[in-house]
1. Which is assigned to a strand (DSSP E or B), of a type in the set (Val, Ile, Thr) and either farther than 27 Å from His159 by Cα or touching a helix residue (DSSP H, G or I) at 6+ places or on another chain (Cβ under 7 Å) (or both), of Ile15, Ile75, Ile88, Ile59?
2. For the range 47-60, name all the residues that are farther than 13 Å from Asp107 by Cβ, surrounded by 12 or more Cβ atoms within 10 Å (Cβ to Cβ) and out of contact with any Phe, Trp or Tyr (no Cβ under 8 Å at 6 or more places or on another chain).
3. If you scan the range 246-278, which residues turn out to be part of a helix (DSSP H, G or I), in contact (Cβ under 8 Å) with a residue 12 or more places away in the chain and exposed (fewer than 15 other Cβ atoms within 10 Å of the Cβ)?
4. Taking the condition among the small types (Gly, Ala, Ser), in contact with a strand residue (DSSP E or B) (Cβ under 8 Å, 6 or more places away or on another chain) and either buried (at least 17 other Cβ atoms within 10 Å of the Cβ) or over 27 Å from Ile44 (Cα atoms) (or both), does Gly243 pass?
5. Which of (1) assigned to a helix (DSSP H, G or I); (2) touching a strand residue (DSSP E or B) at 6+ places or on another chain (Cβ under 9 Å); (3) without any contact (Cβ under 8 Å) to a residue 60 or more places away in the chain; (4) within 23 Å of Asn168 (Cβ to Cβ) does Ile33 not meet, given it meets every other one?
6. Within the set of pairs 6 or more residues apart or between chains, which connect a residue that is without any contact (Cβ under 8 Å) to a residue 24 or more places away in the chain and over 21 Å from Thr149 (Cβ atoms) inside the range 115-139 to a residue that is of a type outside the set (Lys, Arg) and open to solvent by less than 60 Å² (accessible area, probe 1.4 Å) with Cβ atoms less than 8 Å apart?
7. For Leu179, work out the one condition from (1) within 25 Å of Ile44 (Cβ to Cβ); (2) at pLDDT 95 or above it doesn't fulfil.
8. Can we say Ile44 is touching a strand residue (DSSP E or B) at 6+ places or on another chain (Cβ under 8 Å), among the aliphatic types (A, V, I, L, M) and closer than 22 Å to Ala108 by Cβ?
Amino acid sequence: MKKKRSLVTGGAGFIGSNLLDELVKKGHFVTIIDNLSTGNKKNISHHKKNNVRFLKNDISKNNNLKKIIKGNQFIFHLAGLADIVPSIEKPEEYFKSNVEGTFRLLDACKDLKIKKFIYAASASCYGIPKKYPIKENCEIDTKYPYALTKYLGEELVMHFGKIYKMSNLSFRFFNVYGLRSRTSGAYGAVFGVFLAQKYAEKPLSIVGNGKQTRDFIHVKDLVSALIKASQKPNLKNKIFNIGSGQETSVNKIANMIGVKKIFIPKRPGEPDRSLADI
């Protein structure tokens, strides 16, 4: 029986490599495109070449994407630059990666017979909502270049779906944690930052008073949702939150990790709560 074929951009990263694991388990042959700016080949080294093809590539610069994509039925677009503070310092890099990269990928896919195009959007597009839990029709209020560029990517995904009759879906990720969480950099997701500080035997740096809450979702739950959605042919051109529907305080996470803590000033524009309506 012919194998299902999937392409995962950013497949050597935290979420991408977990998605890869599950796709391979389900019998997919997976092509990975990753420029390794934040991904790591160690995350995918346990896979055999007869199940996985790895291409070191930058989709924002590559003009040969159609040839790479052809023959794949499912596209999972997870590649992009994350983190808020670096996006303020380097907005052009974020625009090229998150907007231009998404455009090039969509443009290469639009004339091919793709069963499903799934985009990793961000819940940061909501800014500081007035009501909780946060619904998908909540007002968009992008506070930083990162949030703006991820939202612009989502707009492209929805536009291409409508104009070119593609079967596109966008998932707004809340706070994802789990195996292979990135621990490099000072401005990543709270789990990664805390773990990096613990490994370095440093106190955990808590922004503000730590009473702020976040909606944490385990990467395996997120991956399960992406794969299930990809298998529903009638589900297209929709936007979904992807979270747990529960909120947990940053202090609780810090106490679970269980080392010394320091408190640093709150960053402007950072919400006190995060809770997805799922």
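The values are calculated or read from the model by the stated rules, or taken from the named source; none is laboratory data. Note that the structure is a prediction, hence the values are computed from the model and not measured. Using ideal geometry, Cβ is built from the backbone for each residue, glycine included, and neighbour counts are taken over all protein chains shown. Ligands, DNA and RNA are stripped out before the accessible areas are found, and what is left, the full protein with its side chains, is counted by its heavy atoms. Shrake-Rupley method; radii C 1.70, N 1.55, O 1.52, S 1.80 Å.
1. Within the list Ile15, Ile75, Ile88, Ile59, the selection yields Ile75.
2. Of everything in the range 47-60, those that are farther than 13 Å from Asp107 by Cβ, surrounded by 12 or more Cβ atoms within 10 Å (Cβ to Cβ) and out of contact with any Phe, Trp or Tyr (no Cβ under 8 Å at 6 or more places or on another chain) turn out to be His47, Phe54, Leu55, Lys56, Asn57, Asp58.
3. Ile257
4. So Gly243 fits the description; yes.
5. Ile33 satisfies every listed condition except (1).
6. Lys131/Cys138
7. For Leu179, the exception is condition (2).
8. Answer is no for this residue.
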